[in-house]
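Written out below as structure tokens is the structure these notes cover.
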Amino acid sequence: MTRPPTRKNTLQTISDRLPGKTLLAVVAIFSLLFLTLPIIALVIRAVQAQAWAELGGSGLISAVILSLLTTLITALLTVTFGTPLAYFLARRDFTGKRLASVLIELPVVLPPAVAGLGLLVAFGRRGLFGPTFESLGWSLPFSTAAVIIAQTFVAAPFYIRAAQNAFQTVDPEIEAAGRVDGAGGLSLFWEITLPLTSRSLGAGLALSWARALGEFGATILFAGSLQGITQTMPLLIYKEFERNINSAIWAGVLLVGFALAALLLARYLGRSDA
């Protein structure tokens with residue numbers, strides 16, 4: 001017959017478990033502080049220094065407008081070309097599919113400087129396709145179009161991966177029922193598949209937009225930093241950091257706000273598509 005636990009045994013059990021739980025809590029708190037303190041410090045410094053009062057000649061307004069405009073175009077291009085690609089990867093099996101998926105996601109982990117250098121070598125005036133573009137009267141480097149290309153290159157994989165996963169989760173029986181009812185081709189996609197995955201697609205697009213908004217390395221190499229033309233908010237921060245740290249801090253706070261809004265939207269949309 002098993003004896004009921006005594007007070008001594010209970011205290012011993014608690015003491016045996018307490019060190020491990022305490023250590024876990026300490027590590028968790030330390031990790032949380034490490035990840036949040038820089039953002040908190042940035043906000044506190046911006047409020048204390050009243051940095052917004054020093055932004056008159058920094059070009060913040062033009063940088064914000066350019067960032068929002070270019071990232072909007074980037075989002076449209078990502079949806080337009082990324083959705084068919086994600087659907088194809090989700091529904092078709094072919095030789096080299098895994099390799100294709102890896103190559104598509106490679107810009108996510110690629111060093112930004114390497115991404116910018118690759119874009120310059122591919123589309124620059126002396127790049128692989130540079131002479132072809134020049135013959136057509138196009139000059140991509142150091143233009144607003146270069147900003148959009150750089151943003152799309154580094155941000156589109158976030159949406160494509162999310163869209164591919166969303167399309168793979170759709171129950172084939174639901175689409176089969178739609179075919180029985182007469183839906184097929186594009187009508188099946190628009191009327192059944194897209195509504196079922198719209199929230200997941202929106203979440204992926206929000207993360208992709210946030211990544212495009214914060215793009216720096218590839219942009220500065222491929223597009224430069226020309227105020228009103230290619231100088232997005234991250235590039236403005238880099239410029240102001242050398243001249244006025246308070247202006248850079250306030251611009252950084254604005255970027256944090258945009259990124260936080262995009263992340264909250266992604267988390268909300270990332271819930272079940274039900």
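The values are calculated or read from the model by the stated rules, or taken from the named source; none is laboratory data. Computed from a predicted model, the values in this text were never measured in an experiment. No Cβ is skipped: glycine too gets one built from the backbone with ideal geometry, and neighbour counts run over all protein chains shown.
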Subset of segment 128-172 (residues that are assigned to a loop (DSSP other than H, G, I, E, B) and of a type in the set (D, E, K, R)): Asp171
Within segment 210-229, the residues that are outside any loop (DSSP other than H, G, I, E, B) and either among the acidic types (Asp, Glu) or crowded, with 19+ Cβ neighbours inside 10 Å (or both) are Ala210, Arg211, Ala212, Leu213, Ala218, Thr219, Ile220, Leu221, Phe222
Pick from segment 85-100, criterion free of Cβ contacts under 8 Å to residues at least 40 places away in the same chain and in a helix (DSSP H, G or I), ranking: nearest to Val170 (Cα to Cα): Phe88
Condition first: touching a Pro at 6+ places or on another chain (Cβ under 6 Å) and more than 25 Å from Val253 (Cβ to Cβ). Can you find one or more residues in segment 143-159 that meet it? yes
Within segment 120-162, considering residues that are of a type in the set (Val, Ile, Thr) and closer than 23 Å to Ser208 by Cα, the one surrounded by the most Cβ atoms within 10 Å (Cβ to Cβ): Val147
Single match in Ser247, Ser200 (criterion: among the hydroxyl-bearing types (Ser, Thr, Tyr), surrounded by fewer than 24 Cβ atoms within 10 Å (Cβ to Cβ), in contact (Cβ under 8 Å) with a residue 24 or more places away in the chain and in a helix (DSSP H, G or I)): Ser200
What is the residue count in segment 192-226 for residues that are within 18 Å of Val108 (Cα to Cα), among the hydrophobic types (A, V, I, L, M, F, W, C) and over 14 Å from the mean Cα position of the chain (by Cα)? 4
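Using the structure shown, decide if Val170 is at pLDDT below 95 and in contact with a Ser or Thr (Cβ under 9 Å, 6 or more places away or on another chain). Full working, then the answer.
Numbers: at pLDDT below 95: yes; in contact with a Ser or Thr (Cβ under 9 Å, 6 or more places away or on another chain): yes.
Taking the combined requirement at face value, the residue satisfies it.
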So Trp52 fits all but one of (1) at pLDDT 80 or above; (2) surrounded by 11 or more Cβ atoms within 10 Å (Cβ to Cβ); (3) of a type outside the set (Gly, Ala, Ser); what number is the exception? (1)
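Based on what the data block shows, is Phe258 touching a Leu at 6+ places or on another chain (Cβ under 7 Å) and part of a helix (DSSP H, G or I)? Spell out the reasoning first.
Values: touching a Leu at 6+ places or on another chain (Cβ under 7 Å): yes; part of a helix (DSSP H, G or I): yes.
So Phe258 passes the test.
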May I ask you to verify whether Val26 is under 30 Å from the mean Cα position of the chain (by Cα) and modelled with pLDDT of 55 or more? no
Go through (1) modelled with pLDDT under 85; (2) among the hydrophobic types (A, V, I, L, M, F, W, C); (3) surrounded by 10 or more Cβ atoms within 10 Å (Cβ to Cβ) one by one and return the number of the condition Met1 breaks. (3)
Tell me yes or no: at least one residue of segment 138-150 is in contact with a Leu (Cβ under 6 Å, 6 or more places away or on another chain), without any contact (Cβ under 8 Å) to a residue 12 or more places away in the chain and at negative phi. no
Identify, from the list Gly217, Gly178, the residue that is over 20 Å from Arg267 (Cα atoms), in contact with an Asp or Glu (Cβ under 9 Å, 6 or more places away or on another chain) and at pLDDT below 95. Gly178
